[in-house]
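Trainee: To start, I am sharing the structure in question, which I have written as structure tokens.
The values are calculated or read from the model by the stated rules, or taken from the named source; none is laboratory data. It should be emphasised that the depicted structure is a prediction, and the values quoted were computed from it without experimental measurement. Positions of Cβ are generated from backbone atoms using ideal geometry, with glycine treated the same way; all protein chains shown enter the neighbour counts. Ligands, DNA and RNA are excluded from the accessible area calculation, which covers all protein heavy atoms including side chains. Shrake-Rupley method; radii C 1.70, N 1.55, O 1.52, S 1.80 Å.
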Amino acid sequence: MRTHHWARIWLGLLISATSLFAQREPVLKQIAAPHPYYYREMYLPQLTLGPSAAAWLSDSQSLVYSMAGSLWRQKVNSEIAEQLTSGPGYDYQPDCSSDGRRIVYASYYKDALELWSLDLQSGQVRQLTHGGAVNLEPRFSPDGRRIVFVSTSFNRRFHIFVGQFRNGELSDVQRLTGETRSTLPRYYYSQFDHEISPAWSPDGTEIIFVSNRGHIYGTGGFWRMKAEPGAQAREIHYEETTWRARPDFTPDGKRIVYSSYLGQAWNQLWMMPSAGGDALPISYGDFDNTNPRWSPDGKQIAFISNRYGNPSLWVQQFPGGAQTQVVHRQKRYKKPMGTVAITVLDDAGHQTAARISVTGEDGRAYAPEDTWMHADDSFDRARHPFEAHYFHSQGKSQIAVPAGRVEIEVMKGLEHRIERRTLQVVPNQKSDVTARLEPLQIPQSSNSHWVSGDVHVHMNYGGSYSNTPKHMIEQAAAENLPIVEDLIVNKEQRIPDIAYFRTTPDPASTSTNLLLHSQEFHTSYWGHLGLLNLTRNFILPDYAAYPGTAAVSLVPTNADVADMAHQQHALVGYAHPFDVIPDPAKDELLTDELPVDVALAKVDYIEVVGFSDHKSTANVWYRLLNSGFHLPAAAGTDAMANFASLRGPVGLNRVYALVPSGPLDITPWLNSLKKGRTVATNGPLVGFTLDGHQVGDAIKIPAGKHQLKFTAWLRSIVPVDHLQVVCNGQVVRELSLDGARDKADVSGTLPVSESGWCLLRAWSDKAEDPILDAYPYATTSPIYIAIAGAPSHSKKDAEYFVVWIERLISAVQANNDWNTPAEKESVLKELSSAREVYAELEK
């Protein structure tokens, strides 16, 4: 089974990003596990303005919790929060010693997570681990003499360690769990088993933890073992836990509380016997309750909930079930603080939504308490101590910041210049800042206009926040993104947001922002599909080729799914296609169905700009265009819009479609997308005409040599290095940019003597802040050229796809996971039909 395809692809992207664009690298790249956008959000601590983890002090009346990157102490019956730490890093995951004197916690600084201790009597902090690994989830033993924790210090993978704790020092650190390489065909998880989320038994002799030993999917089940190196572990309960279970013993050791989504879309609190057995829920709701911790007296459970969107701290009585929010209405800071009030105006002087970044004197990020803090997934370590953080504002924001220098950056999509301000904040005073956004001067058409949309967004996907259509619209407005296609999709067995599926725009939509609930078909064997605007029903199951499940068969293929979607008048596109250029002659893991579906006329668009390498995707796209197929360019961020750490905000990658002037409407926008009247971009804005024709058009001219007039323009909020006319896969004109490299207006002629296509693209050799992508890139869809009616064809590219499809045929012939022999025959027939298309072109 070719089930490691996406792990290999991610590795390829990481290698590519590190070698070609070394200044921008993934956060915590020292972790050797695939798909960091999942574990980073769902397992590693994140900067949120609400609490993210809590621990009880010994009196069972007070909590220490992490919030906004600091540790705070608060009594559950008080509204006063006392700040315990204030940097220089971001502090998370506190645990308290049983004598109530010391706190151990994880601190993110210099792109590592190290363990620190805090003496509550003296206020002294001391670093416990060194070496730049990822160390997290520290827990004191009941007697306070040992600390168990998770670390990547061994082979860069998650394993459990224990050390002796004396006089504020950690010593004699030993690894409790071994390392095993699994032979299972895992999806989205490493071939090496991991162990996470340890908790002590009340007598201090054992730990419980979560591990995926023996399982294909997810982070695994619950295991117990003696807290001794080399001890045997036993699994006591299995269910998929998606990084977030974090079990905790009752003080009497008889039961375990943990967080689970079992049988539902959201995580709630569950309880089971500590020896294993059936679990039962002890909380309910369409939101996440996570990170549960029993109070020392066994009468209360502290936990984190995102029921109001942002994380919040709650306490539940047990038994009884009464839940009370621990609210901080007053904060006692360790350092002098001031206030910054930011107002954002458009060019007409009206208040407008925008994306804002605020960095304090200490280098840390700040935001209003009622907003969502988001963090980038990569950054340039030579230029920044931390990855970029930002929040979305509706136009007015008030922020508490440390006194001293404050840097502010404001941006609104790709059509306004970036505004930056620096000021000195005085203690106990408010500083007012107004940022007036200046629009780029973009060439306009008299009877049509360009409207941008993101064809690949996930509103909720297991993140720190709980998103709603209303909030999704606010995010889009701040990013100046008129259209959002929310692709509802499975996350393991659940399908977050399935309840929101509808065939018309969400009622939260406005006259300037539309939210559509569509679908991503999620098979990592054939490649992911976007199904835009189904008119009848969500297609189930939402995936195929999942080993060990009832959906193990390779049927339905993507072609089958495309047929079902087209019956509902949906548009079908390939999502985040390629991180490296496929080599079908050598790549035994190549199973992507794209060239098959293009040949069989199943595909309406391709995400040329998306969560993949844009130039690698373009390489395959050009080969398909050279084979005579018309395939429009689209763009989708694959943004998990309820994540605190994500690959860019919604609209990072967006597609502009040229539509008739008039009110915002999804129907003409989709029609333009299908016709290829599009520009896909993550920053630069470009325009291109050829012989008076717009992108997506087909030019028909008689035989002979021709000189066709072209026009090209570029406007960009960041500098770009290249503006190029590409015809039939080759750069035919390198166009001049102005001195700032952010503007161009060029006209000229192109020699044309054969059928084919031409487009305009812009790109940079390296990353450019604040475009939160590997490098700026934009492309128009092609303008097609037919000379004397002759089709476009390329023998070399046809041969490439013949080899590709033969690779697919060999894999299907070797596959035994069919429900019936007829399934196998239907797939082979489908692949053979597509192969014949390219074989004819090859002749």
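Trainee: Looking at TYR238, is it closer than 25 Å to THR180 by Cα and touching a His at 6+ places or on another chain (Cβ under 8 Å)?
Mentor: For TYR238, the condition - closer than 25 Å to THR180 by Cα and touching a His at 6+ places or on another chain (Cβ under 8 Å) - is met.
Trainee: Pick from THR48, THR3, THR18: which is modelled with pLDDT under 90, assigned to a loop (DSSP other than H, G, I, E, B) and either open to solvent by less than 20 Å² (accessible area, probe 1.4 Å) or within 23 Å of ARG157 (Cα to Cα) (or both)?
Mentor: Exactly one residue qualifies, and that residue is THR3.
Trainee: For segment 723-739, state whether one or more residues are part of a strand (DSSP E or B) and touching a Phe, Trp or Tyr at 6+ places or on another chain (Cβ under 6 Å).
Mentor: No.
Trainee: Among what's in segment 496-507 and is open to solvent by 30 Å² or more (accessible area, probe 1.4 Å) and not hydroxyl-bearing (Ser, Thr, Tyr), pick the residue that is nearest to the chain's Cα centre (by Cα).
Mentor: ILE498
Trainee: Suppose we keep only residues that are among the hydrophobic types (A, V, I, L, M, F, W, C) and more than 18 Å from the chain's Cα centre (by Cα) within segment 651-662. Which one would you say is surrounded by the most Cβ atoms within 10 Å (Cβ to Cβ)?
Mentor: Selected residue: VAL655.
Trainee: Can you find, within segment 185-229, the residue that is farthest from ALA55 (Cα to Cα) among those that are without any contact (Cβ under 8 Å) to a residue 40 or more places away in the chain and open to solvent by 50 Å² or more (accessible area, probe 1.4 Å)?
Mentor: GLY214
Trainee: Would you check if there is a residue in segment 677-688 being free of Cβ contacts under 8 Å to residues at least 40 places away in the same chain and under 23 Å from ASN447 (Cβ atoms)?
Mentor: There is no residue in segment 677-688 that is free of Cβ contacts under 8 Å to residues at least 40 places away in the same chain and under 23 Å from ASN447 (Cβ atoms).
Trainee: Among the numbered criteria (1) open to solvent by less than 40 Å² (accessible area, probe 1.4 Å); (2) farther than 24 Å from VAL620 by Cα, which one does ALA740 miss?
Mentor: Among (1) open to solvent by less than 40 Å² (accessible area, probe 1.4 Å); (2) farther than 24 Å from VAL620 by Cα, the lone unmet condition for ALA740 is (1).
Trainee: Show me the strands (runs of 3 or more DSSP E) entirely contained within segment 259-308 in which 3 or more residues are within 17 Å of ILE208 (Cα to Cα).
Mentor: Qualifying strands (runs of 3 or more DSSP E): 268-273, 289-294.
Trainee: Quick check, is PRO385 in contact with a Lys or Arg (Cβ under 8 Å, 6 or more places away or on another chain) and surrounded by fewer than 19 Cβ atoms within 10 Å (Cβ to Cβ)?
Mentor: When the stated conditions are applied, PRO385 passes them.
Trainee: Could you look through segment 663-676, keep only residues that are under 19 Å from ASN513 (Cα atoms), touching a residue at least 24 places away in the same chain (Cβ under 8 Å) and part of a helix (DSSP H, G or I), and pick out the one that is farthest from the chain's Cα centre (by Cα)?
Mentor: So, considering only residues that are under 19 Å from ASN513 (Cα atoms), touching a residue at least 24 places away in the same chain (Cβ under 8 Å) and part of a helix (DSSP H, G or I), the one farthest from the chain's Cα centre (by Cα) is SER672.
Trainee: Pairs please, first residue from segment 454-481 and among the acidic types (Asp, Glu), second anywhere and part of a strand (DSSP E or B) and open to solvent by less than 10 Å² (accessible area, probe 1.4 Å), Cβ atoms under 8 Å, 6+ apart in sequence or on different chains.
Mentor: As it stands, the answer is ASP454/ILE483; ASP454/VAL484; ASP454/GLU485; ASP454/ALA635; ASP454/GLY636; ASP454/ALA639; ASP454/ARG654; ASP454/VAL655, since those pairs meet every condition given.
Trainee: Can I ask one more? May I ask you to list the residues in segment 322-376 that are surrounded by 18 or more Cβ atoms within 10 Å (Cβ to Cβ), of a type in the set (A, V, I, L, M, F, W, C) and within 23 Å of GLY309 (Cα to Cα)?
Mentor: VAL326, ILE342, ALA353, ALA354, ILE356, VAL358, ALA365, ALA367, TRP372, MET373, ALA375
Trainee: Hand me the list of strands (runs of 3 or more DSSP E) wholly inside segment 755-843 holding 3 or more residues that are closer than 30 Å to ALA703 by Cβ.
Mentor: Counting at least 3 such residues, we get 756-763, 783-787.
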